[in-house]
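Contents: one structure, followed by commentary.
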Amino acid sequence: MRDAAPETVYLKDYKPFGYVVDSVHLTFDLAPHATRVTSRIAFSPNPETTDRTFFLHGEKLKLIRATIDGAEIAPQVTPEGLTATAPDAPFVWEAEVEIDPAGNTALEGLYMSNGMYCTQCEAEGFRKITYYPDRPDVMSTFTVRINGDLPVLLSNGNPKGQGAGWAEWHDPWPKPAYLFALVAGDLVATEDTFTTVSGQPVALKLWVRPGDEHKTAFGMEALKKSMKWDEDSYGREYDLKVFNIVAVDDFNMGAMENKGLNIFNSSCVLASPDTSTDMNFERIEAIIAHEYFHNWTGDRITCRDWFQLCLKEGLTVFRDSQFTADMRSAPVKRIHDVIDLRTRQFPEDNGPLSHPVRPESFQEINNFYTATVYEKGAEVIGMLKRLVGDAAYAEALDLYFARHDGQACTIEDWLKVFEDVTGRDLTQFKRWYSQSGTPRVKVTEDWAEGTYTLNFEQTTLPTPGQPEKLPQVLPIAVGLIGPNGDELQETTVLEMTEAKQSFSFDGLPARPVPSILRGFSAPVILERESTNTERAFLLAHDTDPFNRWEAGRALAQDTLLQMATGAGEPDADYLDGLRSLMRDDTLDPAYRALMLGLPGQAELAGLLADRGITPDPMAIWQAVEHLRDAQAQALGPLLEELYEANQVTDPYRPDAEQSGKRALAGALLRLITRRDGGARASALYTAADNMTLALTALSCLLQAGQGEAELAAFYDRWKDDRLVIDKWFMLQIAEATPERAVSVAQALTEHPDFNWKNPNRFRALFGALTANHAGFHDATGAGYQLLADWLIRLDPLNPQTTARMCTAFQTWKRYDPARQAKIAVELDRIAATPDLSRDTSEMISRIRGA
Ligand SMILES: [Zn+2]
């Protein structure tokens, strides 16, 4: 059956529900194809409205019976839910439904993964479990009884009782249904305890399938660090007797913050030195922190409606970035975040999928779990903190928690606490939540008699639905450096509010070199005429670690853009600057590794398109190869010297210090391989005693056109470890030359281990293909066709993952007419698929439409 014409939901249409829910009792009688869910829900009229329409969401449910105050009723049932006549007084609703968890391949609601029952209810999955007002502003306490013949039966809150074949849970904290969770399976726990700041003991349990116990230690440590950090940094204490984490293999998202029972994609929690890379460890630490921090920013204070998603996500991403900066290196974290923002958010913000941090309408909310809502949402909070200062930020957060605990809130509530604490009017700042597109800031400067003036002009290009743009509030952090390299002006934050604005600095002994947008103080595109000499000067002298990196990045970027358009050779200033930085032992190895990095090929394509030049993916790939060769040439014997100096001899630890050294040594080895043909990489592969080194060596070998035997050995060794085999799939496509990428991917789709119904495996293969820029954009269109074939195949089973993978096409308008025509054919073919899901259909029409 096809959905009716997709309905658009608007922020401006918000109305409260006619009833409040006083309590929820749920009983689950588990059976793979016929689970019975019995609900007993106490409703009473909502004093905030007189509208007593009683509509309960419900999808794919078989209604057995429904009663109001014990009397059987015959509600009107549609595919979206049911409507009944309800009293204008407190009453008890009871219903019994039957659902089919084993037949649920969309991984939303209650479903099965390797014989284990689990749930994913955000955003609108609870309605696939039972009839309920499935909206975040309806909050209630939940009591849950699970009957089933599995050894472990878990739900939210504190355990209430258990026996053979049953368990009961009670969550005393009112929550929306999207935070409901249930897990039942044959699981084993790693246990620990945490004592909160007020002396309350909390039992911590990390549940995995038998055989994965050795991969839980790191996650447990990360959890304890997160709990401590949230007490120290935000004064937030945990509030239940237990905290459960469960690892699940089949999961659409990274992880989910269900109250007291976080559910994780196994790739985001399981870790061991043998099977995980340093990057995996860092990511796992951050995701565990993120989900834990949601306990306050998301669970205790939730969103009024899904338009406010950034209220919990922007803030929680910002908090997890602060945590990682504290645990590891703050400059390195900031650079990683900005690379990520430019890779994922800028193309979204400047393409057909552009939407505000707080969208104003949607057809399918699952399509708005985006880099804009999450990452730009976090940048907006960073700007707010920079504008009001650290002390006022802390005070505003205290007020937010005190004022809104237990509530479902809006962006207006969030900004009001800042206005109340600081006395500022944040009306203009609020545009960051409603205006889409990345602001561009043009900078010119004047110098006369000791006075230096910076002139800024901001513009934002039109985006879908928003032809006209207004000036934003921009905190622009600036420092000034004298001709001898001394800092003449320490970092100061200029607050830009007008379309055009100038700021002057008096009494300077000489014309300075400006360091603008230090720490990437606003998520904007900076446009300023600069020379390579000036950039090389900043690369050598800037005291701001972000801008120092940015100076090197700009040099590399410009030389690559020139090379990609056939007009240049690798820039000498860049290579000289790089050589002196590499020699600078006072710089953190992780930072030097970032300095060796180059802008991504998709990012370069975007920059060319921005300058009115149609990008040629193959030419960009060749430019990058050429510059890599030039780096290897310019660094020469220094490569091997530094490689030796950055070997780790201590036993493996995934901490900042060791992983920084491995990151630098790995980046150096990639360049060394260009000189020695893979001799050192081969030696490293043989000697590697952890996954980071093994994978580095293997990717170097593949890049050098070798490694067939090693790849086969790697597969044999790890064929029973699904997370490592994901890497095996990914690596071969990532390291394939553009000419081979599609055929390698195509061949891998025929591999017996290509279990395409598993989102991790699907993403490993197609995520790697679409990230291989020149390979995916192969002129024959074979990459587009392969992806479209598989999206069409996956959509009926898993609309969410399909819709997300469609974003690979979002930048299609930047390419040449021949490629555009080939992509249009594939988009139209997907759109014409019978019974296409609402998720995918919305994504394709937005991408195609612009
Ligand atoms: Zn989150």
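Observations
- Compactness of region 361-419 - radius of gyration and Dmax, Cα, Å: 13.5, 40
- Gyration tensor verdict on region 156-243 (Cα atoms; rounded if a/c is under 1.5, prolate if a/b is larger than b/c, oblate otherwise): oblate
- For the chain: relative contact order, % (alpha-carbon pairs under 8 angstrom, 6 or more apart): 9
- Relative contact order computed over region 130-243 (Cα-Cα under 8 Å; 6+ residues apart), in percent: 22
- Residue-count net charge about residue 706 - beta-carbon cut-off 15 Å; Lys, Arg +1, Asp, Glu -1: +1
- Alpha carbon centroid spacing (whole Å) that separates region 686-747 from region 138-153: 43
- 5 angstrom amide H check on residue 525, placed H, neighbours 5+ away: 440, 441
- Principal semi-axes of the equivalent ellipsoid, √(5λ) from the alpha carbon gyration tensor of region 653-806, are 29, 18, 14 Å from largest down.
- Seen through its C-alpha gyration tensor, with square-root eigenvalues sorted a ≥ b ≥ c, region 629-669 comes out prolate because a/c lies at 1.5 or above while a/b is bigger than b/c.
- Peptide packing for 452-462, 554-564, 41-51, 251-261 was compared via the average number of neighbouring C-beta atoms within 10 Å per residue; ordered from the highest value, the list is 251-261, 554-564, 452-462, 41-51.
- Alpha carbon centroid spacing (whole Å) that separates region 305-371 from region 765-799: 24
- Between residue 487 and residue 688, the distance separating the two model label sites (each 7 Å from Cα on the Cα→Cβ line) works out to 4.0 nm.
- Based on the convex hull around the alpha carbon atoms, region 411-476 presents an average projected area of 6.3 nm².
- Mean ellipticity per residue at 222 nm, deg cm²/dmol - from DSSP H runs of n ≥ 4 across the chain, formula -39500 (n - 2.57): -12500 deg cm²/dmol
- Rounded FRET efficiency, nearest 0.05, which uses the C-beta distance separating residue 391 from residue 531 and R0 of 35 Å: 0.30
- Net charge of the neighbourhood of residue 67, taken over other residues with C-beta under 14 Å away and scored Lys/Arg +1, Asp/Glu -1, is -2.
- In order along region 781-792, the phi-based Karplus estimate (6.51 cos²θ - 1.76 cosθ + 1.60, θ = phi - 60°) of 3J(HN,Hα) comes to x, 5, x, 4, 5, 4, 4, 4, 3, 7, 5, 5 Hz; Gly and Pro are listed as x.
- The fraction of accessible area contributed by carbon and sulfur in the chain is 50 percent, rounded to a whole number (1.4 Å probe; ligands and nucleic acids excluded).
- Listed residue (78, 309, 593) projecting farthest to the positive dipole end of the chain, Cβ model: 78
- Estimated dipole of region 264-420 in Debye, rounded to 20 [Cβ of Lys and Arg +1, of Asp and Glu -1, Cα centre]: 180
- Per-residue 3J(HN,Hα) values for region 415-430, derived from phi via the Karplus relation 6.51 cos²θ - 1.76 cosθ + 1.60 with θ = phi - 60°, read 5, 4, 5, 6, 5, 5, 6, 9, x, 6, 9, 9, 4, 6, 4, 4 Hz in sequence order (x marks Gly and Pro).
- Which listed pairs, of 312/727; 225/312; 15/385; 259/333; 719/822, have C-alpha distances above 26 Å, in listed order: 312/727; 15/385; 259/333; 719/822
- Per residue, the accessible area of region 379-475 comes to 41 Å², computed with a 1.4 Å probe over protein heavy atoms only.
- Rounded Å value of the spacing that divides the Cα centres of region 246-283 and region 563-641: 33
- Taking 0.36 nm per residue of separation and subtracting the Cα-Cα distance, full extension of the segment from residue 62 to residue 510 would add 153.4 nm.
- For region 92-109, Karplus couplings with θ = phi - 60° (6.51, -1.76, 1.60), whole Hz, Gly/Pro x: 10, 9, 10, 8, 10, 10, 10, 10, 10, x, 6, x, 8, 8, 6, 6, 9, x
- Rh by Kirkwood over Cα pairs, then Stokes-Einstein D for region 23-65 at 0.692 mPa s and 37 °C, µm²/s: 252
- Cα gyration tensor, region 509-599 - rounded (a/c under 1.5), prolate or oblate: rounded
- Close amide H partners of residue 437, meaning residues 5 or more places away or on another chain with modelled amide H under 5 Å apart, are 355.
- Cα-based convex hull, region 570-691, per residue volume (Å³, whole number): 130
- Kirkwood hydrodynamic radius of region 12-97, from inverse mean 1/r over distinct Cα pairs, in Å: 13.9
- For residue 261, nonlocal amide neighbours, meaning residues 5 or more places apart or on other chains whose placed amide H falls under 5 Å from its own, are 157, 244.
- With each label modelled as a point 7 angstrom along the Cα→C-beta vector, the residue 737-residue 44 pair spans 7.4 nm.
- Length gained when the stretch residue 407-residue 829 is fully extended (0.36 nm per residue, less Cα-Cα span): 147.4 nm
- Semi-axes of the equivalent ellipsoid of the chain are 45, 32, 27 Å, computed as sqrt(5λ) over the eigenvalues of the C-alpha gyration tensor in descending order.
- Positive-end residue, the chain charge dipole about Cα centroid, Cβ charges, pick of 702, 374, 831: 831
- In this view, the solvent-accessible surface of residue 837, computed with a 1.4 Å probe and all protein chains in place, comes to about 20 Å².
- With the cut-off at under 18 Å, measuring from each backbone N in region 178-197 to a point 7 Å along the Cα-to-Cβ line of residue 224 picks out 189-197.
- For the chain, the Cβ-based charge dipole about the Cα centre amounts to some 960 debye (Lys, Arg positive; Asp, Glu negative; other atoms uncharged).
- Equivalent ellipsoid semi-axes, region 329-466, via Cα gyration tensor eigenvalues times 5, rooted, Å: 27, 24, 16
- Positive-end extreme of charge dipole, the chain - chosen from 582, 234, 714 (charges on Cβ): 714
The values are calculated or read from the model by the stated rules, or taken from the named source; none is laboratory data. Source: prediction; values computed, not measured. Cβ coordinates were reconstructed from backbone atoms using ideal geometry, including for glycine residues, and neighbour counts include every protein chain displayed. The accessibility values were calculated without ligands, DNA or RNA, using every heavy atom of the protein model including side chains. Shrake-Rupley method; radii C 1.70, N 1.55, O 1.52, S 1.80 Å.
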